[in-house]
Amino acid sequence: MGEKRPLEELERKAKSGPSAAEAQLRVLGLKKDSVLANRSALPRRTAGLFKEASSTDLLFLIDTTGSMANYIEAAKTQIKSIVHDIKATFFDEASVRISVVGYKDHHDKPNIQFLDFTNDVDEVHRFLSLLGAIGGDDLPEDVLGGIQQALDATWEHQTRCIIHIGDSPPHGRTLHDGSFYDMFPVPGKEPHGLTHEPLLSRMIELNINYAFLRITKHTDRMAFAFFQAYAAISLDCKLHPSNKYFRQARNLSSASHTLRDGSMSKRGAVSTLRFEEAELGTTYSALKQLVVNSVTSSATRTASRVFQSSTLGLKVPPVQKLSSKVPTITEELETTPAQWNTPGWLDVTLTVEAYFTDVVMRGTRSLDDMMSHDDNIKICTTDLTIHKRSRSFAHGSMRVASYARTAASTNRLVVKSFKRDGKDLMHFADDMRCQALCKAFALEFNALVGKDHSIDFIVAACLKPKSGKAPADNCMALEPFIEGKYVKYNSNSGWVNEEHSDNQNHQAAQAFSHFTFERSKGRFLVSDLQGVGKVLTDPAIHTSDPERFKLADTNLGESGFKFFFSTHKCNNICRKLKLESKASMIVSGKYAFRKKWPVLGKASGMMVCCSNKLCSRIVRASKANSSRKYPGYYWCNECWPQLQKTKVKLACGTGPRHEFGVSLFFYESQGQIVPQRCPDHLPTEY
């Protein structure tokens, strides 16, 4: 942008866009449509979701040959406390059924010993006492026969887990690396004629989560083969670092899953099942913790699947098949780095109606107002010219993402559009209000915790095409481009990323979720936190009021509160904030919350948002850029220079011809039409 453009062109650019009155009518129309959409929306089907997802079928698959005596004894002595801890984790709402499969080798009699699912823990204890740790000949055992029996158990609950404890691999040279003797080295030639691929396919079709508790290195190749089967359909798979194939498995995962925008996957994989290899070794006392952690993590995955089915009005069947086929990519993705400064590289131009939120905090009361009613979360509109790349750089099962910029800004952005019918404007408005409320929570949180643990949320605008290569009724999202390693910290159903537990951003994210529940006195809880470093995107908000964020498909209501507290462990930030709410209050229903909060601006320093509504980056007021020309506005370091760089002179459309200066970036950043008259001749609507 510069003053070398012909004056007539600048005047034409300035005259585009809705008047203030037209913009107001747009917003009023959106508000009316949102009210009607909320009235017609079916109630969220979250009642009973927590109990359904946490009720568990737990099967112990145990090698019962001679070397396993101590592990069988550990399972027997810890089974009651394992069931107790699972139920306590889920606030005594979960039904837990236990099954046991003991396996030896083919020549042993009996070869397989089986107890089908039961709620009677004493019966399980007695059965474990009958398992004699004897038998075995060559090193491999009849692992596949044990798995086949496990799959034939009477699975009923939605959360299904196999805990496999063994120190030897199956027969067949494809499942072990040993130079030891194997009576049946050819896959499929053992007495049952079994191979692992069909068994694992069936296990996945039955929605069974699998945890292998590693004892020796002999099982490494088996675990890696099982990992590969689960990794084809799920993101939540990992081997233990002691496994010789650990690096190979990690490279496979990192190459296949997370992309630059964080929310999409090349393979379209899901995360409703989990595979984990954990180290048991000789620490028998660790058995209980490993089992409880596995069940808890599996239940959080089940919740997502059950809720997605219920929102579609479907009855979730006992067996819900998952395709293990990798979806094919239907569009060639951009593989070269973005060429932001190459003229013409952003080769598609769209003229759009743009809608975005206006987060302006004027003290603690601003957050209280936003929590009290959606009308206090303001949405404004303008017309924008968007330049985007025709080829997307990432895609998922529903959306594609393309690099983009607006006409009057150098900020790097992303346009996300749906492959087929997507969200309409009312649903986008709900998402935008959700993000604005998260931003308001973050402003207070950052003021209280300081720079080291501060977080931020990107803002998303909704675009409704008016012209260009996009259907006029296909809404799109416009977001800041986030570059870096994408990390998911927690989910909306209680899952917590333990791999990053020592990271300060991870700790801040967990404490922030807790803070939102405490600060709102149990009305809201922000979760599903993910992003790059301190910058987060696509959060979920659970609400106690069933009418708030009713169109959001990630709002689990009060069940979401239970999922969060079933796995949350308060950290130093929670303690610094003096948060009083805790898991035990879920059971009693009697909550205690911090009574007083510091006045905003008098804690660790006032926090503000960048005044560019397509940026809204949180900055400390004392560090923000401001000037007398724009009183009451704050600018981050990226947006501040653009105010001057986009300054042009326009001809005033009233009276004798004269010119006046405007910053095109300023008006675009505020969602306002560029004035056609100088300040002395502006009509009252400005």
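The values are calculated or read from the model by the stated rules, or taken from the named source; none is laboratory data. In this text the structure is predicted, and so the values were computed from the model without any measurement. Cβ sites come from the backbone with ideal geometry, for glycine too, and all protein chains shown count toward neighbours.
Values as computed for the structure displayed
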{"quantity": "Region 155-193 - residue that is among the charged types (D, E, K, R) and in a loop (DSSP other than H, G, I, E, B) and, of those, modelled with the highest pLDDT", "calculated": "Glu156"}
{"quantity": "Region 177-192, subset small (Gly, Ala, Ser) and out of contact with any helix residue (DSSP H, G or I) (no Cβ under 8 Å at 6 or more places or on another chain), residue surrounded by the fewest Cβ atoms within 10 Å (Cβ to Cβ)", "calculated": "Ser179"}
{"quantity": "Every residue from region 290-319 that is modelled with pLDDT under 85 and surrounded by fewer than 19 Cβ atoms within 10 Å (Cβ to Cβ)", "calculated": "Gln308, Ser309, Ser310, Thr311, Leu312, Gly313, Leu314, Lys315, Val316, Pro317, Pro318, Val319"}
{"quantity": "Test result for Leu200, of a type in the set (A, V, I, L, M, F, W, C), buried (at least 22 other Cβ atoms within 10 Å of the Cβ) and under 20 Å from Ala232 (Cβ atoms)", "calculated": "yes"}
{"quantity": "Helices (runs of 4 or more DSSP H) within region 18-107 that include 1 or more residues closer than 25 Å to Ser544 by Cα and among the β-branched types (Val, Ile, Thr)", "calculated": "20-40, 69-89"}
{"quantity": "Pair list, Cβ < 9 Å and 6+ apart or interchain, from region 219-239 residues that are touching a residue at least 60 places away in the same chain (Cβ under 8 Å) and closer than 16 Å to Thr195 by Cα to residues that are of a type in the set (A, V, I, L, M, F, W, C) and crowded, with 20+ Cβ neighbours inside 10 Å", "calculated": "Met222/Val143; Met222/Leu175; Met222/Phe212; Ala229/Leu200; Ala229/Met203; Ala229/Ile204; Ala229/Phe275"}
{"quantity": "Residue within region 498-519 that is in a loop (DSSP other than H, G, I, E, B), in contact (Cβ under 8 Å) with a residue 24 or more places away in the chain and surrounded by fewer than 22 Cβ atoms within 10 Å (Cβ to Cβ) present", "calculated": "no"}
{"quantity": "Residue selected from region 382-433 under the condition among the β-branched types (Val, Ile, Thr) and out of contact with any Leu (no Cβ under 8 Å at 6 or more places or on another chain), by the criterion surrounded by the fewest Cβ atoms within 10 Å (Cβ to Cβ)", "calculated": "Thr410"}
{"quantity": "Lone qualifier among Glu558, Glu547, Glu638 - being surrounded by fewer than 16 Cβ atoms within 10 Å (Cβ to Cβ) and in contact (Cβ under 8 Å) with a residue 40 or more places away in the chain", "calculated": "Glu547"}
{"quantity": "So Asp236, is it touching a strand residue (DSSP E or B) at 6+ places or on another chain (Cβ under 9 Å), part of a loop (DSSP other than H, G, I, E, B) and at pLDDT below 90", "calculated": "no"}
{"quantity": "Residues located in region 76-128, provided they are closer than 27 Å to Gly494 by Cα, small (Gly, Ala, Ser) and crowded, with 18+ Cβ neighbours inside 10 Å", "calculated": "Ala94, Ser99"}
{"quantity": "Subset of region 47-77 (residues that are more than 37 Å from the chain's Cα centre (by Cα) and of a type in the set (Val, Ile, Thr))", "calculated": "Thr64, Thr65, Ile72, Thr77"}
{"quantity": "Criterion (charged (D, E, K, R), in contact (Cβ under 8 Å) with a residue 12 or more places away in the chain and outside any loop (DSSP other than H, G, I, E, B)) met by exactly one of Lys613, Lys578, Lys649, Lys582", "calculated": "Lys649"}
{"quantity": "Residues that are among the polar types (S, T, N, Q), touching a Leu at 6+ places or on another chain (Cβ under 7 Å) and surrounded by 22 or more Cβ atoms within 10 Å (Cβ to Cβ), drawn from region 210-246", "calculated": "none"}
{"quantity": "Filtered residue count, region 121-154, keeping only those that are part of a loop (DSSP other than H, G, I, E, B), touching a helix residue (DSSP H, G or I) at 6+ places or on another chain (Cβ under 9 Å) and of a type outside the set (Gly, Ala, Ser)", "calculated": "4"}
{"quantity": "Search result, residues across region 364-421 that are β-branched (Val, Ile, Thr) and in a strand (DSSP E or B)", "calculated": "Ile379, Thr381, Thr382, Thr385, Ile386, Val400, Thr406, Val414, Val415"}
{"quantity": "Cross-chain or 6+ apart pairs with Cβ under 6 Å, region 56-69 first and under 18 Å from Ala211 (Cα atoms) and modelled with pLDDT of 90 or more, then aliphatic (A, V, I, L, M) and assigned to a strand (DSSP E or B)", "calculated": "Thr56/Val96; Leu58/Ile98; Leu59/Ile162; Phe60/Val100; Phe60/Ile163; Leu61/Val101; Leu61/Ile162; Ile62/Ile165"}
{"quantity": "In region 517-576, the residues that are of a type in the set (Ser, Thr, Tyr), within 17 Å of Leu443 (Cα to Cα) and in contact with a Ser or Thr (Cβ under 8 Å, 6 or more places away or on another chain)", "calculated": "Ser527, Thr537"}
{"quantity": "Number of positions in region 598-629 that are among the hydrophobic types (A, V, I, L, M, F, W, C), modelled with pLDDT under 90 and over 28 Å from the mean Cα position of the chain (by Cα)", "calculated": "5"}
{"quantity": "Subset of region 514-535 [within 13 Å of the chain's Cα centre (by Cα) and under 28 Å from Lys595 (Cβ atoms)]", "calculated": "Val526, Ser527, Leu529"}
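Residues checked against (1) at pLDDT below 50; (2) under 30 Å from Arg677 (Cα atoms):
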position	(1), (2)
Glu3	yes, yes
Leu10	yes, yes
Ser16	no, yes
Ala21	no, yes
Lys31	no, no
Leu36	no, no
Ser40	no, no
Pro43	no, no
